[in-house]
Each structure stands twice: as structure tokens, then as C-alpha cells.
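The structure appears right after this line, and notes come after that.
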Amino acid sequence: MKMKPSSRSTVACLALVAAGAFSFGQTLTAEGNKAPTGFTALFNGEDLSGWHGMGHFDPRKLWAMSEEDRAAKRAKDVESVREHWRAENGAIVNDGHGVYLTTDKDYGDIEFMIDYKTVAKADSGIYLRGNPQIQIWDYTKEGGKWNIGADKGSGGLWNNSPGAPGKDPSVLADKGFGEWNHFRVIQVGDRTTIFLNDHLVVDHAVMENFWDRKNPLWSKGPIQLQTHGGEIQWRNVYLREIPAAEAKVMLAEPGFKPVFNGENLDGWEGPVDNYTVEDGAIVCKPRSGGTIYYHQKLTDFVVRFEFKLPPGGNNGLAIRYPGKGDTAYSGMCELQVLDDTAKKYAKLDARQYHGSAYGISAAKRGFQRPVGEWNYQEVTVKGSTIKVVLNGTTILDTDVSKVNEYMANSPHPGKDNESGFFGFAGHGDPVAFRNVRIKALR
């Protein structure tokens, strides 16, 4: 919150902007095969270390082989990899033929990111735990596969049964041929969530076991990059193994992903040195601040969290923040996090109290727990609407597109942002946040 809304210089002093902050465009995908914080790069940008070849092959048969037979099979597949796969200009390149590039390591619960680009009439995909597949293909009519679902676009669990959730992507999100597409995949148990170019295309759907449909997907297996008749390139291949405690939260609250691990600020950007982690909570350092934000760019979403205020505490939620500037103005808004009971705040504008869209829409007051106790809050951002539920009571339900009168007549150029980052806008007080989890709605 800014104590003197009519003074932009005061605003600048109180709301330290992230001097080192930067936007990753659509979603954080570190270039040059350098993994984002908390992730491991599965491709080093130079060679195919850590990968081997294996085609469409039933893992049960592989498990049943002797060590000698498995070694012989892998040696044979190496020849196919050498013929059809290569590392070139920081990308993995396949000519459309040969076995599938397969990780040496097996993985269970993961968050996985990868970029790809392909050509007309190509058909490819990504196997998870050795199981087909996240579909990639030519979505145009000229590709000749509209009869089997290509018109719906890439990203679906195409090998699921007809009509099963997740078989078809919920929206066509492919970019044109020659452009890089970005996948973000979360796999917990047999539940799969897929984002393609920041669009949620599969939401917590069961990935069926193609090899044995009477049984669930096995707990671990390799990632495979499929080749199927047309050149495809891959880059920025990053993976994070999801620990059991985080997986438990995801399964208890379907679709929600913890974005703070309770230990450090992995995955967060901006002036993170101005914050600390204390007793499993993110805390703004006294007399410090600025806007830190989680690396996933969001459109519509729900965020759930707990917060605790010190006496006179002041912070804010950055909503659709572009990665720079003062989120109250450059973002869709800053949702206030404020000790409404403090005497020094007795004469604020109504649009400055807790839960308000700062300077835009006022929230109802009187629903905070006593200072020093943990509060529970849920925020839903959908289109131009924002809903804030504090300790079980709806305190804000507004459509910011319909607001045209602002506190101190200050313009809010970011109010119509359609996407951006979620974060915390510290203003020098040790406000604490914990159990932060987000569900993307589209």
C-alpha cells in the first residue's frame, strides 16, 4: 500500500520496484539450456548425454529381460540414435525417423518443461513414464488427420480412451510451423496437467496405462521424445521432481500447485534478497521490500494462502504483474494486505484497506483475525473480475473493467492486463505468507 496516493514520488519510495526483476515472456523458460531455479536441465545444449534410444516398446517386456538382453537392445538402439538424432545450435534435432530419444533415468512425480517446433504433416509426442502420450501434430486440415482429432490441436492425452477426460485438449493452443511451442507438464500419480503455450489444455486428468488398461499407470518410467515422420526440434528441457509432501497437496486439492516449498524461494524472481523464509513462511525483511513473483505467467487463476500481519503491517498481492514496475499500476492491480486496525491507517481511502484492489475497488472490512494470528484467503481472477474471500467471507467481488473512477485520479494502465505473474509486493513490514498454492483456470 502507498501511504500518500496523491504523491507518485512517495509511492515510488514506499513500493520498491524489483531492480533486478525481469519478465520471461509467456512462461519462465530459461534460454541456453540453463535450468530455472529448482529445475534440472535434461539436455546440456551440446550433446545427448543422459539419453538413449528406445522405440514404442512395452516397459513390461523390458523389465522381464535379463541384464544382457537389455544391454544388447540398448546397443542396437544407439545406432538408430546416431543416424537420426543430433544436437545442433542448442537444440535436439530429429529427422522424423528412428527410435525415440529416452531419458536414462526413470521419473515419478514431476514438473516438466520443454520447447518444440516442427513442420507440416509431422506427428510426434511425449511419453511419460514410458507411456504414450502427450500428442503433438499438424493441426491444420492440410495435415490430413482431422478425422482422428488433429483439428483440436496438440497437448491432449491422445491414447486415452475415446471420450475420456484429457484425451482432447480443451483449447487449440498450437503456434504456427517454425515457431517454438512451450509445454509445461505436471504429473502426480496418474494425474496429468498440461499447459501448451500458457494455455491449460489438460486439467488433472488420469493418464491411462496404454500397455495395461486394467491397471493404473506405474509409478516411474522414462520420458521419451517421439519421432513420427517429420522433423522436430526440442530445446530448454527442464525437470523438477515433486516431493511427496507437495504431491499430497496437489492430490488433496485437485489442480492446485504449491508455489512455495516452505524452505527457500526456488521458482521466485524479482528482489528475492529482500525477503527471507522463516518457520515455513515467506517474510518481507523490515525496511525492505519490492515485488517478488512466481515464475509461471498466469491468465485466469485461483490462489489460496495464509498470511499473518504484524501491528501496522502493510504488503500486497501482485495480480497479473508484468515483471517490472509498480504492480498497483503496471499490473492488473495490487490487492491490499494490511492491518486495518492500525491507528495510523484510520483515515485511508476505502480503496486502500485490506482486500481492496488498490485505488480501484474497495473491499468490505471487519473480517480479519486479530493481529499476529494466521488468516486464510482465496483470490479468484477470471477475465476482468476479481473475487477475494477472507476467512470464509467474500470481501471483494468486482469487475475492474467497469471502474472508471480511481483514487487520487491516478490512472491504472495495467488494469486491463490479460495475463501476468502472481507475487507479493512488500513495503518494509515483516508480513508473512505460507501454504501458497495456485490453480490455473485456463
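Rule-based calculations on the coordinates, nothing more; no lab input. Computed from a prediction, not measured in an experiment: that's the story for all the values here. Note that we place each Cβ from the backbone using ideal geometry, even for glycine, and neighbour counts take in every protein chain shown.
Karplus-derived 3J(HN,Hα) values for the range 256-264, using 6.51 cos²θ - 1.76 cosθ + 1.60 with θ = phi - 60°, are 8, 10, x, 10, 9, 8, x, 10, 7 Hz; glycine and proline are entered as x.
The relative contact order of the chain, computed from alpha carbon pairs under 8 Å that lie at least 6 residues apart in sequence, is 18 percent. Extension gain, residue 161-residue 213: 0.36 nm per intervening residue step, less the Cα-Cα distance, totals 17.8 nm.
In order along the range 104-110, the phi-based Karplus estimate (6.51 cos²θ - 1.76 cosθ + 1.60, θ = phi - 60°) of 3J(HN,Hα) comes to 5, 9, 8, 10, x, 7, 9 Hz; Gly and Pro are listed as x.
For the range 53-212, what does the alpha-carbon gyration tensor say about shape, rounded, prolate or oblate, given a ≥ b ≥ c as the root eigenvalues, a/c under 1.5 as rounded, and a/b over b/c as prolate? Oblate, since a/c reaches 1.5 and b/c is not below a/b. Taking amide H as placed 1.01 Å from N in the peptide plane, the amide H of residue 192 sits under 5 Å from that of 204, 205, 206, 207, each at least 5 places away or on another chain. Pairs with C-alpha atoms separated by more than 26 Å, drawn from the list 257/364; 34/324; 175/220; 145/167, are 257/364; 175/220.
Sparsely packed loop sites in the range 300-398 (the GluC sites (Glu not before Pro) outside DSSP H, G, I, E and B with at most 14 other Cβ atoms within 10 Å) comprise 373. A simple count of charges around residue 59, restricted to other residues whose Cβ falls under 13 Å of its Cβ and scoring Lys, Arg +1 and Asp, Glu -1, yields +3.
For the range 40-247, averaging the sequence separation of C-alpha pairs within contact (under 8 Å, six or more residues apart) and dividing by the residue count gives a relative contact order of 30 percent. Summarising the label geometry, the points placed 7 Å from Cα in the beta-carbon direction at residue 387 and residue 37 lie 3.2 nm from one another. Each label point was placed 7 Å from the Cα along the Cα-to-Cβ direction; for residue 65 and residue 343 their separation is 7.8 nm.
Sparsely packed loop sites in the range 314-400 (the trypsin sites (Lys or Arg not before Pro) outside DSSP H, G, I, E and B with at most 13 other Cβ atoms within 10 Å) comprise 347. Could you tell me which label, among (1) 93, 43, 43; (2) 77, 45, 41; (3) 68, 52, 38, carries the value of Cα extents along the principal axes in Å calculated for this structure? Identified label for the calculated read-out: (2). Dividing the helix sum by the residues of the chain, where each DSSP H run of 4 or more adds -39500 (n - 2.57), gives a mean residue ellipticity at 222 nm of -3000 deg cm²/dmol.
Distance between the modelled labels on residue 72 and residue 249, one decimal in nanometres: 4.9 nm (7 Å Cα→Cβ projection).
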